[in-house]
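Presented below is the structure to which this report refers.
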Amino acid sequence: MSRGRADICGYCGTLSPTTRDHIPPKGIFPSPRPDDLITVPSCASCNQSASRSDELFRAYLSLHGGVDTASTSRLWDQALDGTPHNRRLHRRLLEGLEPVWLTTPSGVIHGRGYGGPWDSDAHDTTIERMIRGLYFHHYDEVLGTRVRVKVHWLRSLEPTLLEATAECDQRSVGGGQFVYRFGRASDHALHSIWLFEFHKRHWAGGQTAPVEFSDEAHVQLGSG
Ligand SMILES: [Zn+2]
């Protein structure tokens, strides 16, 4: 359980933050939104810097998630019912994507969705921010410039990944709409590992390491 210190910005450490930032971005939950959303204190500047990548992340998630679960189908409908700006964004992204059948790792078709490249900058920006925010939420420490965050794309939830994170803590938000696992090394607190599952349809992961630490020495977290 988080102690949730509220006197500094969870991202940059500035004193007296004036806003609270949702992690993950609240837009990825269709309304009615769950009442157990996680927030961290944030200064106005850190909060505002996230809005564009969060918006793109939400739009891609609604497209890639398909419409075969209650929450992904609501997310999809609400993207289309949204503001003209959101509808235009949705349509523009849709034009660059191909309809595909969604399959489980064993090849069973479970629905229809859209395949195609995500805007990787927006994806990675949102995932990195979530890692930094959740680190603060759970450990009450600002990572700031002390660490680099490495983000991994995960096309599926591979068994090896589940095994690698089996000892990690697991939390769920919104009745399983967002599930995550995390842990940090007991002797190296800046080394942490994160695994995110969105609507049981999209996965991402990441690691933190001190800035002076080399890439080769990172703990392996699947193929990214
Ligand atoms: Zn800040």
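The values are calculated or read from the model by the stated rules, or taken from the named source; none is laboratory data. The structure presented is a predicted model; accordingly, all values stated were derived computationally and were not measured. In this analysis, Cβ positions are derived from the backbone assuming ideal geometry, glycine residues included, and neighbour counts consider all displayed protein chains.
Some values worked out for this structure:
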quantity	calculated
Subset of region 1-31 [under 30 Å from Ala70 (Cβ atoms) and not in a loop (DSSP other than H, G, I, E, B)]	Arg20, Asp21, His22, Ile23, Lys26, Gly27, Ile28
Residue match in region 54-75 (condition: within 16 Å of the ligand (Cβ to nearest atom) and either modelled with pLDDT of 70 or more or within 25 Å of Leu157 (Cα to Cα) (or both))	yes
Considering residues of region 132-149 that are touching a Gly at 6+ places or on another chain (Cβ under 6 Å) and among the β-branched types (Val, Ile, Thr) only, the residue farthest from Ala189 (Cα to Cα)	Val149
Residue that is nearest to the ligand (Cβ to nearest atom), among those in region 32-53 that are in a helix (DSSP H, G or I) and crowded, with 17+ Cβ neighbours inside 10 Å	Cys46
Failed item in (1) more than 22 Å from Thr126 (Cβ to Cβ); (2) at pLDDT below 90; (3) surrounded by 13 or more Cβ atoms within 10 Å (Cβ to Cβ), with Glu167 passing the rest	(3)
Total residues in region 4-31, condition more than 14 Å from the ligand (Cβ to nearest atom) and more than 20 Å from Arg171 (Cα to Cα)	1
Of the criteria (1) modelled with pLDDT of 95 or more; (2) touching a Pro at 6+ places or on another chain (Cβ under 8 Å), which one Ala6 fails	(1)
